[in-house]
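Read-outs throughout are calculated quantities, based only on the coordinates presented, and are distinct from any laboratory measurement. What you are looking at is a predicted structure, and each value in this text was computed from that prediction instead of being measured. Please note: Cβ atoms are built from the backbone with ideal geometry, for glycine as well, and neighbour counts cover all protein chains shown.
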Amino acid sequence: MNEKKKRLFDSGMKLFASKGYHRTSIQEITNEAGVSKGSFYVYFQSKEEFMLTAYQHFYSQMKERIERVRQVDLSPKESLAKQINVWMQYIYDHKDFIMMHLRENISIAGSVDELTQKIKVDSYHWMRENIEAIYGPEEMKPNLVDTVIQLEGLLQSYLKWKLHDEVDIEIEKLGPFLVRRLDDLVKGMRERQEEALVVINQLPHTYEKRRGQTDETRSLPETILELKEKLQGLALPDEKINQLYEVIDLLEAEVGKENCQPVLIQGLLAHFNPIAEVEQECQEIARLLDVKLLP
């Protein structure tokens, strides 16, 4: 993300948190960021689009921090404990922005609902993958979904007490504590040979769509977000990653225009041609925009 767009995001999130979404104007955001109002419209068509992109940016940054932990050589239990701490710390650092979202009735068509659903599915797979890494996929089969549900309950409950009720919970101790509770849950269900309350085939079909699967109903913003997330995990030089993020910024600006230029879309997507890991996302973007990818 380029510096100007980052300043707009940081300023917007700060103002939304302090004044509220509805009482913050575009002019105030650009004044706070130290850029012209015209610069805002280079990247966003409206305050609503800015807010949606801010949500996406917030979530993408949180996932990036968690993914960094997953790349570190730790035991599965140590890794999950650290991931939980990073998750809680990031949300707590942005608590004013989160509380603003909970307080205000912000309507942005169906886009926020789509992002919310994506977060729910990603969260399910994040917990599932960590649980399977710790206890084994085959061993967890009988009670996998019940374990995910209980871990989610622990995470959300402690988040609520920390964020909403401002209970002084030491974040550094939270991850290891919750992993020990997870041990207790799994051990208890195994010893009692508990019959599962919820099994995988009871879940909505969307929860079983792994990252990278093609979904014909996937929206353009969701596909672009998926492209950004894929870039975070690529073994490329930082300079190259930053360059590709600049390309995505330009792509988002172009598709946000009333009459976007197909030839520009093709040229921007061509930057990703040598990268096989994001080929599927580029094909999906091209399909959604009805353009052909350049060879």
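The ranking of Asp96, Asp290 from fewest to most other beta carbons within 10 Å of each one's beta carbon is Asp290, Asp96. The ranking of His205, His164, His125 from fewest to most other beta carbons within 10 Å of each one's beta carbon is His205, His164, His125.
Pairs from the list Lys14/Lys173; Lys4/Lys230; Lys63/Lys228; Lys14/Lys240; Lys95/Lys228; Lys19/Lys95 with a Cα-Cα gap above 20 Å: Lys14/Lys173; Lys4/Lys230; Lys14/Lys240; Lys95/Lys228. Spin-label pair Gln45-Ser75: with each label point 7 Å from Cα along the Cα-Cβ axis, the two points sit 5.3 nm from one another. Each pair of Cα atoms in the stretch 1-91 enters the Kirkwood radius, and Stokes-Einstein at 37 °C and 0.692 mPa s then converts it into a translational diffusion coefficient of 225 µm²/s. Across the chain, where is the longest run that never hits trypsin sites (Lys or Arg not before Pro) in a DSSP loop with at most 15 other C-beta atoms within 10 Å? Result, exposed sites excluded: 24-208.
Considering only Asn85, Met62, Ser46, and ranking their Cα positions along the charge dipole of the chain that arises from unit charges at the beta-carbon of Lys, Arg, Asp and Glu, the one farthest toward the positive end is Ser46. With q set to 0.16 Å⁻¹, the log10 of I(q)/I(0) for the chain, from the Debye formula over equal scatterers at the Cα positions, is -1.43.
How would the stretch 76-213 be classified by its alpha-carbon gyration tensor: rounded, prolate or oblate, with rounded meaning a/c under 1.5 and the a/b versus b/c comparison settling the rest?
Oblate shape, in that a/c is at least 1.5 and b/c is the bigger or equal ratio.
Note on the chain: with charges restricted to the Cβ of Lys and Arg (+1) and Asp and Glu (-1), its dipole about the Cα centre is near 420 debye.
In this simple spin-label model, placing a label point 7 Å from the Cα along the Cα-to-Cβ direction at both Lys14 and Asp290 gives a separation of 4.3 nm. Distance distribution P(r), the stretch 15-65, all Cα-Cα pairs, bin width 10 angstrom from 0: 23, 52, 24, 1 percent. In terms of its C-alpha gyration tensor, the stretch 220-289 comes out prolate, because a/c is 1.5 or above and the ratio a/b outweighs b/c.
Rounded to whole Å, give me the distance from the Cα center of the stretch 78-147 to that of the stretch 29-59. About 26 Å separates the Cα centre of the stretch 78-147 from the one of the stretch 29-59. Put in line by how crowded their Cβ is, counting other Cβ atoms within 10 Å and starting with the fewest, Leu155, Leu102, Leu8, Leu227 read Leu102, Leu155, Leu227, Leu8.
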